[in-house]
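Reading through the structure tokens given below for one structure.
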Amino acid sequence: MLLKNLREEVLHANQEIARRGLALHTFGNVSGIDRGGLDGSGTEPLVAIKPSGVAYGTMKPEDLVLTRLDGSIVEGTLNPSSDLDTHLLLYREFSQIGGVVHTHSEFATSWAQACKPIPCFGTTHADYFHGQVPITEPLTAAEVEEAYVLNTGTVIARLFRERGLNPLAVPGVLVAGHAPFAWGKTPAAAVEHADLLEFIARLAYRTVVLGGPAEGLAAYVGEHHYQRKHGPKATYGQKNVAKS
């Protein structure tokens, strides 16, 4: 079995989105990439992804499907996730990421279906997303007809390119009328961001219901909170201390 460690990591990440309630039934998928590929040269990165329609509780590492970035299957007897082409495009466009998660989690999907970005209403949001959680433009009829799954990735990549967004600073997005995608440096990090996105979406929904300010958190407060956790002079967490 090729890339056993990557398969096990991706399997655990898929089971984790189910455990956290981010994916009911089989409504979700996680993938991970080994950018070194089989020979370590990086000339042929390989992606491990959940097989389509297989229950999380019954999956085994060997059930995961290995593909190249062009979608051709390297190893696996099951059909890969129907969202494979979206994952692959994100890996091609966002070279910094190592894992992608797609869910239909309740509150994030509600914002996506409403075709609304999630404003930064408070410091909880600002700690993890640098600005609002953006919403894509709806796919056109031509994009749906031509290649719906691939063009789902295309509208995400286009949004980030046009707005100059850093995918590591904004580790998730809402696809209009569809649902969220999230990513990270590893499959496990991508799951954390999907979980945080759902929590932020739930808080934002309740903030709106309670009549919170439409303009959201003051930009200077949000910027301060993001930078203190992720900036060059971050104060959050522990510094590396040499062991004596």
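Compute the Rg to Rh ratio over the stretch 137-244 from the alpha carbon atoms, using the Kirkwood formula for Rh, and round to two decimal places. The partial results should precede the final answer.
Numbers: Rg = 17.6 Å, Rh = 16.7 Å.
Rg divided by Rh gives 1.05.
Per-residue HN-Hα couplings for the stretch 178-184, Karplus 6.51 cos²θ - 1.76 cosθ + 1.60 at θ = phi - 60°, whole Hz, x for Gly and Pro?
10, 5, x, 10, 9, 7, x
If I stretch the segment between Val144 and Ala169 completely, what's the gain in nm (0.36 nm per residue apart, minus their alpha carbon distance), one decimal? Don't jump to the answer; show the numbers that get you there.
Numbers: separation 25, 0.36 × 25 = 9.00 nm, distance 2.88 nm.
Difference between extended and current length: 6.1 nm.
Can you tell me how much longer the chain between Glu215 and His25 gets when fully stretched, taken as 0.36 nm per residue apart minus their C-alpha distance, in nm with one decimal? Mind dumping the intermediate values first?
Working: separation 190, 0.36 × 190 = 68.40 nm, distance 3.65 nm.
Contour length minus the Cα-Cα distance gives 64.7 nm.
Taking the Cα atoms of the stretch 1-98, what is the range of coordinates along each of the three principal axes, in descending order and whole Å?
Cα spread of the stretch 1-98 along its principal axes, largest to smallest: 37, 27, 20 Å.
Please compute the volume of the convex hull spanned by the alpha-carbon atoms of the chain and report it per residue in Å³. Spell out each step's value before the answer.
Values: hull volume 38.4 nm³, N = 244.
In the chain, the Cα hull volume divided by residue count equals 158 Å³.
What distance in nm lies between label points placed 7 Å from Cα along the C-beta direction at Thr235 and Asp70?
It works out to 5.3 nm between the two label points.
Sequence-distant or interchain residues sharing an amide H contact under 5 Å with Ile118, placed H: which?
Val133
Sort 127-138, 167-178, 101-112 for me by packing, meaning the mean count of neighbouring Cβ atoms within 10 Å per residue, highest on top.
Values: 127-138: 18.9, 167-178: 20.7, 101-112: 23.5.
Highest-to-lowest ranking by the protection proxy: 101-112, 167-178, 127-138.
Any chance you could check the Cα centroid distance between the stretch 155-209 and the stretch 21-42 for me, in angstrom?
17 Å
Output the DSSP H helices from the chain with an along-axis C-alpha extent of no less than 27 Å and a mean Kyte-Doolittle hydropathy no less than 0.0.
Details: long enough: 187-209 (33 Å, 0.69).
In the chain, the long hydrophobic H runs are 187-209.
³J(HN,Hα) across the stretch 29-41 via Karplus (A = 6.51, B = -1.76, C = 1.60, θ = phi - 60°), whole Hz, x for Gly/Pro?
6, 10, 10, x, 10, 10, 6, x, x, 5, 9, x, 7
Tell me, what is the FRET efficiency for Gln96 and Thr58 to the nearest 0.05, using R0 = 35 angstrom and their Cβ-Cβ distance as r? Could the numbers behind the result be given before it?
Values: r = 33 Å, r/R0 = 0.94.
That pair, Gln96 with Thr58, gives E of 0.60.
Remind me, relative contact order of the stretch 54-195 in percent, using alpha carbon pairs under 8 angstrom and six or more residues apart? Walk me through the numbers before you get to the answer.
Values: 223 pairs, mean separation 42.0, N = 142.
Dividing the mean separation by the residue count of the stretch 54-195 yields 30 percent.
Normalised by the number of residues in the chain, what is the relative contact order in percent for Cα pairs under 8 Å and 6+ residues apart?
On the way: 455 pairs, mean separation 49.6, N = 244.
Once divided by the residue count of the chain, the mean separation gives 20 percent.
Express in nm, to one decimal, how much length is gained between Arg228 and Cys115 on full extension, taking 0.36 nm for each residue of separation and deducting their alpha carbon distance. Please report the intermediate quantities before stating the final value.
Details: separation 113, 0.36 × 113 = 40.68 nm, distance 3.07 nm.
Answer, rounded to one decimal: 37.6 nm.
Every read-out reported here was derived from the displayed coordinates using simple, explicitly stated rules and does not represent laboratory data. Because the structure is predicted, anything quoted here is derived from the model rather than measured. Cβ atoms come from the backbone with ideal geometry, glycine included; neighbour counts cover every protein chain shown.
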